[in-house]
1. If you add up the charges near residue 206, with Lys and Arg at +1 and Asp and Glu at -1, over every other residue whose beta carbon is less than 14 angstrom from its beta carbon, what do you get?
2. Search the structure for amide H atoms under 5 Å from the amide H of residue 50, placed 1.01 Å from N in the peptide plane, and list their residues when 5 or more places away or on another chain.
3. Beyond 26 Å between alpha-carbons counts as too far, so tell me which of 138/214; 32/97; 39/229 fall in that bin.
Amino acid sequence: MNMATWRLLFSTSPINLLCTRRLATQNPIMSKLKRNIEKDILPPKPKKPLNPFIQYCLSVKNTLQKEYPDCTYVDVVKRASKQWAQVEPKVKESLKKQYMEQQSIYKQKLQDYENSITSDQKLLIKKELIKKEHAWEKSQVKQKLTELGKPKRPLSAFFLFLQNKQSAKDPQVPYKDWTINLSEEWKNMTTEAKEKYVVEATHLYEKYKIELKKWEEDMIQAGHHNLLKSNVKSNVKSKRVTNIHKE
């Protein structure tokens, strides 16, 4: 009994049994993104019929749960599997015949469904998938940079001001309202009052630039050029050209 069957039998929420379309990439995350996009844009697909074994398990599930109330779901499924092995061939053949008939109807419905999808819908799905894919790739790069210890950009003067005020925040005031109020306060502050935050932000940023430069040099040495910004990669390329000429 595989996990998909177990989820189908004992999930409290509907299980999506729709087939994955070839247009989705081999990356399972991209396939999932595409299915979610199609779900938002297109009407529901025809449901794929349940195979004979799953139909049988569903038909005996409640009985087995009542008969063995202390058994786990996995144990109930195992018992159903053992019973299925002993089911008369005629019963299995009947279920198989029903399944084949349902499968034939399903294929026709699926074909009609796919033929009903308009060019505009397909284009919209493609655009949304590209957008989601870019966002996913960006998040993967960000995660990788974090794992490689890339220094974090420090807070600006304004956010240092917010951070300083955080301890005095009234917990009853929504965060959005609190930031709006402090934004107005910041706008009305004198240059002298802002000075300490500006000085601290400048100091932190200068320190950040030094740490970032050192980190980038380490990444170049480690061969992670693809994770650096375009200007850094250009510098790497220039250095390589210079070294080639020197040689």
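Since every read-out is calculated from the coordinates, none of them should be taken as a lab result. Please read all numbers here as calculations on a predicted model, not as lab measurements. Because the Cβ atoms are built from the backbone with ideal geometry, glycine has one as well, and the counts that use them run over all protein chains shown.
1. Numbers: positive: 153, 207, 209, 213, 214; negative: 200, 211.
Once all neighbours under 14 Å are counted, the net charge is +3.
2. Sorted by chain and number, the residues that satisfy this come to none at all.
3. Listed pairs above 26 Å: 32/97; 39/229.
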